[in-house]
């Protein structure tokens, strides 16, 4: 599910290959989008109202609302190809002008850089590290958190040169990780805006929720130094 509060609508995506659009005020389905030829695994909407859907067909599709059209309220803007691997997870980062991330069954995370125009995206590259499918993603500030069927989560930082550095591999679950979320701070008292620290929560098919704290600093030799700790 994804919500667009500005337009008073909720999007739901399904294994039936469609996206349904619901009006929040009366919970009425106002549109059905035949989005993909294969099951849809993830859906997300950006602050500017652009909708992204990810599918087993190895694509991410970008949709834009047509306020002047009653016959086709949403139209397909562009189709992004994820190197022939089904896409299982999506997240958007507003850092560095906006980045779209897609987690795939081959363990790769592909990302696209948002342009000046609505729906304009340029392929940026891939992030490698997981050995099994990436099942969930989250982002906050410069950090991207991924959860995988390999039972680990990884915390990545987008550096000034555009490269992604793996800051931590969170090991402790005994099953695939199906959901992750993250927020800044939480490592010290009154550090809610500290971008050198983030708190991560992971949920796994092992039936356990875990809470982690990850700190990221640089030493005197200008090398990245990261520490992580399971706190719950």
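Expressed as a rounded percentage, what relative contact order does region 1-128 have, with Cα pairs under 8 Å and six or more residues apart? Walk me through the numbers on the way to the answer.
On the way: 310 pairs, mean separation 18.6, N = 128.
With pairs under 8 Å counted, the relative contact order is 15 percent.
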Please report the projected area of the chain's Cα convex hull averaged over all directions, in nm². 14.0 nm²
Note down the nm distance, to one decimal, between modelled labels 7 Å out along Cα→Cβ at residue 174 and at residue 79. 4.4 nm
For region 1-128, I need the span (max minus min coordinate) of the C-alpha atoms along each principal axis, in Å, sorted largest to smallest. 44, 32, 21
Just need log10 I(q)/I(0) for region 98-166 at q = 0.13, 0.19 Å⁻¹, Debye formula, equal scatterers on the alpha-carbon atoms, no solvent, rounded to two decimals. -0.35, -0.71
Using a Förster distance of 25 Å, the FRET efficiency for residue 163-residue 7 (Cβ separation, nearest 0.05): 0.10
Cα centroid distance between region 12-39 and region 125-168, in Å? 29 Å
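Any read-out appearing in this document is the output of simple, stated calculations on the displayed coordinates, not a laboratory observation. No experiment lies behind these values; they were computed from the predicted model shown. Cβ sites come from the backbone with ideal geometry, for glycine too, and all protein chains shown count toward neighbours.
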